[in-house]
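The values are calculated or read from the model by the stated rules, or taken from the named source; none is laboratory data. Bear in mind the structure is a predicted one, so any value in this text is a computation, not a measurement. Cβ placement follows ideal geometry from the backbone for every residue including glycine, while neighbour counts extend to all protein chains displayed. Remember, those area values only see protein heavy atoms, side chains included, never the ligands or the DNA or RNA. Shrake-Rupley method; radii C 1.70, N 1.55, O 1.52, S 1.80 Å.
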Amino acid sequence: MPSSFESLTVDAHGLALHVRQRNAAGTPAVVFLHGWLDHSHSFDLVAEHLPDSWRLLMLDFRGMGRSAWLPRHANYQFADHLVDVEAVVRAMGLEAVHLVGHSLGGIIATAYAAARPSRVLGITLIESLGPTGGPPENALVRLRGFLEDLEREPHRKRYPSVEAAAARLRENNPSLPEHAALHLARHGTESVEDGLVFTFDPAHRRRFAFGYDDAQWLAISSAVTCPMQLLLGSEGFRFDDERSRARISALRQLRPPLTLPGGHHVHLEQPEAVARALRQFIPAVP
């Protein structure tokens, strides 16, 4: 059986980030980056099938999981999460790591590897081919949306039980197995006076003020120099064929994508298959 995880706190320029670590003396070092509004426990089922000799680090992005929230007047932006990854890599004394990112986590992994090529040995993307992007004129739409979202007071919906919270997760992800939804809800909620609430900061639901259009994202992703693999769910998120081809072509060191049965959270639906792909890919990276 794999050894248990220890909980650590990492300082990210004054903000406390929650990181879980297994086997601090192990190699290789693999950092897991979860998706939007998720948390580090979304990788637990995969970790059960990974070698006990590996050093695993699972980060809760700021304002998600057990990491601290920004002050109420502040707003989350894309680049904040690059700061989170940098803080973990430095605090753990890691010269270079393998990154595994689901959805938003994969976007962050790609951007971080482009900006810090010497720190990333390899990347596994799970259902993650970049932000929605679009044409340059989307920048104005995004700015307007950002200001509109500021007018809406953040709200934390109450749930009577973990089972009810898990049912809400399955509404958004119908292919998510019940046991996986319960696992996410169990670790992603906390008790309040009148029930349970999800632990993420509701301010994360606001749109970013700034984002990348398609041309900018292709420029960033084409700068990644490390080996990469892409794991997709057969019923997961898809761009149109032309945009998918462009994004895949931009990843110069990408191996042929692997499609597994499942949806957007395929790592929770097929944890053994995802772990197998990691075991085959990571030791092969120089």
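Out of Arg62, Arg55, Arg66, I need the residue that is under 17 Å from Thr124 (Cα atoms), open to solvent by 10 Å² or more (accessible area, probe 1.4 Å), within 19 Å of the chain's Cα centre (by Cα) and of a type in the set (Lys, Arg). Which one?
None of the others qualify; the one that does is Arg55.
Quick check on region 38-51. Is at least one of its residues touching a His at 6+ places or on another chain (Cβ under 8 Å), outside any helix (DSSP H, G or I), open to solvent by less than 40 Å² (accessible area, probe 1.4 Å) and at pLDDT 95 or above?
Yes, some residue in region 38-51 is touching a His at 6+ places or on another chain (Cβ under 8 Å), outside any helix (DSSP H, G or I), open to solvent by less than 40 Å² (accessible area, probe 1.4 Å) and at pLDDT 95 or above.
Are any residues in region 11-23 touching a strand residue (DSSP E or B) at 6+ places or on another chain (Cβ under 7 Å) and either farther than 19 Å from Glu48 by Cβ or part of a strand (DSSP E or B) (or both), and if so, which ones?
Hits for region 11-23 are Ala16, Leu17, His18, Val19, Arg20, Gln21, Arg22.
Looking at region 192-218 only, could you name the residues that are of a type in the set (S, T, N, Q) and either open to solvent by less than 30 Å² (accessible area, probe 1.4 Å) or in a loop (DSSP other than H, G, I, E, B) (or both)?
Thr199
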